Structures are given as C-alpha cells and as structure tokens.
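For reference, the structure is listed below as structure tokens.
Derivation of every value follows stated rules applied to the coordinates shown; laboratory data play no part. The model shown is predicted, which means the values in this text are computed figures rather than measured ones. No Cβ is skipped: glycine too gets one built from the backbone with ideal geometry, and neighbour counts run over all protein chains shown.
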C-alpha cells in the first residue's frame with residue numbers, strides 16, 4: 001500500500017523540480033498525475049473547436065517527448081505514477097462531437113499510462129443536471145455506456161484500469177452525480193467488466209464527494225468492495241469541494257478507515273489535497289510542512305486499514 005499525492009498545483013506553482021523533490025522528501029512513494037491539465041474544463045466547454053488543443057491528439061512518441069522532463073523528475077525522486085486523472089467533462093449537452101473527441105483523447109491516455117507504468121486512469125462519467133427530465137436519465141445512461149465501452153479495445157491490450165468516480169453535480173446546488181449511488185455504480189462496473197471479458201473497470205472513491213452528498217463511508221465502501229481500485233482523499237465542510245487535508249473538515253476518518261479495513265483494501269492511499277498546498281492559499285515556505293503532515297496522516301490511515 002503506497003501513499004500518494006496529486007501533482008496538481010504543486011507542479012504548476014513551484015515547477016516539477018521543486019514539486020517532486022518536496023513530495024519525495026515528505027515520504028510519498030507515488031503520485032496521482034494530473035495529466036488532465038492537458039485539456040482544461042474551460043477549453044472543453046468554450047464552444048470552440050477542440051482540434052489541435054491537446055497533446056494527446058499526437059502520437060505516443062510525441063506525447064512521451066512532451067512529458068519527458070517531468071517524467072525524469074518523477075523517476076529521479078523514485079516516485080511511481082500509480083494513478084492519473086483524465087480531462088473532464090467528457091460531454092457537453094447537445095454536443096456528441098465533444099464526446100467523440102474526448103473518447104479519442106482517453107484512448108491515447110490509456111496507451112500512454114500503460115507505457116509509463118500507471119495502473120489506474122480516472123475518467124469522470126457524465127452526470128445529470130437538476131433540470132433534466134425522465135427521458136434524460138435514459139440518454140445519460142446511453143452516453144456513459146458509449147463513453148466507457150469505447151475504451152475497451154485499448155484496455156484489453158494494456159494493464160490499465162479505467163476508474164469511474166463518484167461525482168456530485170453543482171447545478172443549482174449540490175446533487176448526486178454519476179456513481180454517487182453505490183448500488184448503481186456496482187452494477188455499471190460489473191456490466192462493463194462483463195462486456196470487456198476482463199477486469200478493465202473499477203471505482204476511484206472520492207471521499208470528499210461522498211461527504212458533500214451526506215454519504216456514509218460505512219455503507220458506500222462495503223457495497224463497492226473490491227471494485228474500489230483508487231482513492232481521492234481530502235476533507236471538506238460538507239458544503240463545498242474544498243480539497244483540504246484530513247481532519248480539517250467534517251469527514252469521519254475513523255469510519256473511513258474501519259470500512260476500508262472491512263473490505264481488505266490493498267490499493268494505494270492517494271491524497272487529492274491540492275487546495276492545502278496551493279500558493280494561492282499558503283506561502284511557499286508552508287508547502288513542505290503541509291506535505292509532511294499529509295504523509296503522516298497517510299501512514300496513520302495505512303496502519304488502521306491494514307490492521
């Protein structure tokens with residue numbers, strides 16, 4: 001069980017050399033690589049053409065060359081890339097051409113992740129908005145089915161698992177998003193793996209999102225069981241998606257650890273606490289102390305989960 005943290009904000013704020021050295025100095029063995037920054041939500045939702053906007057349109061060799069300097073820093077600091085985040089959203093209402101484009105990006109990301117030894121790629125599903133009608137529920141299911149089944153050929157030829165994530169929607173207030181319901185998420189992942197003929201899909205449990213929707217880890221986690229392949233660990237006040245360090249919000253971490261111990265979780269402990277180490281919030285001198293503390297919290301969680 002490796003303890004991991006996201007690259008987001010750290011690399012953007014202080015550069016790859018300082019960021020990965022600080023992550024390694026804190027004790028982390030792995031990273032959740034934010035290659036989602038290759039195509040931002042603002043670009044995807046801009047209404048402009050997405051062609052020639054993303055490096056993942058290029059060949060695998062060109063993509064590797066683009067990221068080579070960052071990869072060198074990751075390896076220089078003996079860090080593993082155990083999970084990566086894909087760009088989102090995958091779909092804009094009424095724009096299936098966006099979905100087709102994003103599927104192409106995700107296919108290339110799967111191949112790239114496999115080439116760098118990253119075992120999990122997190123791909124957000126498509127969620128309903130507050131004002132969708134009954135017919136839209138069927139349409140959203142069809143779009144998610146198209147999204148994930150389109151990735152099966154690449155997943156079959158690699159060792160990468162695409163992880164769906166329990167999401168919330170902030171359309172006129174917080175509401176349940178894709179995979180927020182454990183029973184529905186379990187069935188969707190089961191069906192996708194059945195179609196693939198191998199275990200190509202799993203869940204990235206975002207504990208912060210679960211808290212926003214008043215979910216109980218003692219119920220959600222046991223219901224998902226072995227389908228939980230990756231984690232996004234961060235805390236919040238139950239009102240907004242703050243991405244702060246554990247024990248700074250309202251999540252009951254004792255219940256989280258007990259539930260993860262119950263299912264015998266053997267994956268990595270990956271923190272998505274980018275707000276806590278952002279230079280927009282803290283001074284650069286405080287980055288290392290926060291990383292040190294987050295890593296120590298990870299060690300505590302590991303001890304509790306492994307029993």
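With the cut-off at 27 Å, report for segment 93-242 the share of all Cα pairs above it, as a whole percent.
On the way: 2462 of 11175 pairs.
In whole percent, the long-distance tail amounts to 22.
Return 247, 227, 67 ranked ascending by Cβ neighbour count within 10 Å, so the fewest neighbours appear first.
Lowest to highest Cβ neighbour count: 247, 67, 227.
Please report how far the C-alpha centroid of segment 214-255 lies from that of segment 151-173, rounded to the nearest whole angstrom.
Distance between centres, Cα-based: 18 Å.
Can you say what percent of the DSSP beta bridges in segment 3-306, counting only those with both residues inside, are antiparallel? Round to 5.
Expressed as a percentage, antiparallel bridges in segment 3-306 total about 15.
Calculate the spin-label point distance for residue 296 paired with residue 240, positioning each point 7 Å from the Cα along the beta-carbon direction, and give it in nanometres.
2.8
Give me the Kirkwood hydrodynamic radius of segment 1-93 in Å, from all C-alpha pairs, to one decimal place?
14.4
Hey, what does the equivalent ellipsoid look like for segment 132-198, semi-axes from the Cα gyration tensor as sqrt of 5 times each eigenvalue, largest first, whole Å?
Output for segment 132-198: semi-axes of 25, 13, 11 Å.
Let's test this: bin the Cα-Cα distances of segment 231-282 at 10 Å from zero up to the farthest pair and state each bin's percent.
Reading upward from the zero bin: 24, 48, 24, 4.
Evaluate E = 1/(1 + (r/R0)^6) for residue 64 and residue 191, where r is the Cβ-Cβ distance and R0 equals 30 Å; express this FRET efficiency to the nearest 0.05.
Computed FRET efficiency for residue 64 and residue 191: 0.35.
Taking only the alpha carbons of segment 3-306, what extent do you get along each of the three principal axes, in Å, biggest first?
50, 44, 38
Answer rounded, prolate or oblate for segment 180-306, using the Cα gyration tensor with square roots of eigenvalues a ≥ b ≥ c: rounded when a/c is under 1.5, else prolate when a/b is larger than b/c, else oblate.
Details: a/c = 1.91, a/b = 1.84, b/c = 1.04.
The shape class here is prolate.
Output the relative contact order of the chain, whole-number percent, from Cα pairs under 8 angstrom with separation of 6+ residues.
18
Return the whole-Å distance between the Cα centroid of segment 35-68 and the Cα centroid of segment 265-304.
28
Averaged over all directions, how much area does the convex hull of the C-alpha atoms of segment 18-153 cover when projected, in nm²?
Values: hull surface 38.0 nm².
With every direction weighted equally, the projected area is 9.5 nm².
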